[in-house]
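This report refers to the structure that appears directly beneath it.
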Amino acid sequence: MRLQRSSAILTLTALLCTALTPAWAASKEIIQLQTQVQQLQDQMGLMNQSFNERMGVMKNLVEQNTDAINKATAAMSRLQTALDKSQNDRSGQVEQISGQIQSLNDTMDELKVRLAKVSKQLEDMQSSQQSMAAQQSQSSAQAKEIAQAPPPDVLYNNALRDYTGGNNDLAAQGFNDYLKFYPNTELAGNAYFYLAEMQYRASKFDLAIKNYDQVLQSFSGGNKAASAQLKKGFALLELGKQEDGAAELRHVIQRFPRSNEAAQAQERLHKMGVTGASRKPSPRQ
């Protein structure tokens, strides 16, 4: 019995020892796990504390940056306002300066116009002075020439003597000198007439007509008017201007009906086969 009890006790003790061994091992693992958990909790606490500290620093930095940004934004706003105002002021100044420049340009243009007018007036005055000086010089020269020229009757008679003697060159020079020195005398009309006669004989009918017209226009009451009118008509006929020539001949008949020139005009018209009656007034009268 005792042996059986001892065996049973031994068996139970063995069983208890066997049962206690796993329990002790499990407790050791739990302790290790608890230690690790505690270490993890400590590390998490430290990390949380470090994170909080860093978040505080970051928050402070963000607040500082935000403040700096707000200040910079305000400064930029003020600067933009100042720039806008400066630009507006400059725009006004530019417009004012542009207006002043335009006004100056207008003034310069007006001055240029005035200067051109003054220059033109000066040129006209210079031209007038030069013309007056030339006229004075010419008048002085003419006065000297007239003072040195022969008396009018001597000059005219010499030219007429050369004309009747057939010395046409000397006669022309004499009559031209007479007209140069004494253009307004009664005998000036005769000088024009004799010059025209020499040109007519030389078949220079155009030049002759011009001198005949001088007689008719400037000395229509002179003693050569009828002859000048007649010979002008003949010169026109020589140039082939039949109607104009006939008109001049009719005018001779009308103005000087009882003159020898009127008879010659009538005879020439008769040879032409036309009457001496006036068909139309002469365009040269």
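Since every read-out is calculated from the coordinates, none of them should be taken as a lab result. It should be emphasised that the depicted structure is a prediction, and the values quoted were computed from it without experimental measurement. Cβ atoms come from the backbone with ideal geometry, glycine included; neighbour counts cover every protein chain shown.
Restricting attention to the range 152-182, the residues that are in contact with a helix residue (DSSP H, G or I) (Cβ under 9 Å, 6 or more places away or on another chain), outside any helix (DSSP H, G or I) and exposed (fewer than 15 other Cβ atoms within 10 Å of the Cβ) add up to 2.
For the range 194-247, a residue qualifies if it is of a type in the set (Lys, Arg) and part of a helix (DSSP H, G or I), and the qualifying residues are Arg201, Lys210, Lys231, Lys232.
Taking every residue in the range 196-224 that is within 16 Å of Asn168 (Cβ to Cβ) and pairing it with any residue that is in a helix (DSSP H, G or I) and among the hydroxyl-bearing types (Ser, Thr, Tyr), at least 6 positions away or on another chain, the pairs with Cβ-Cβ distances below 6 Å are Ala196/Tyr212; Ala208/Tyr200; Asn211/Tyr192.
Of the residues Ala226, Ala208, only one is in contact with a helix residue (DSSP H, G or I) (Cβ under 6 Å, 6 or more places away or on another chain), buried (at least 22 other Cβ atoms within 10 Å of the Cβ) and not aromatic (Phe, Trp, Tyr); which? Talk me through it step by step, then tell me what you get.
Details: Ala226 fails: buried (at least 22 other Cβ atoms within 10 Å of the Cβ).
None of the others qualify; the one that does is Ala208.
Considering Tyr156, Tyr163, Tyr178, the condition of being within 56 Å of the chain's Cα centre (by Cα) and at negative phi is satisfied by Tyr178 alone.
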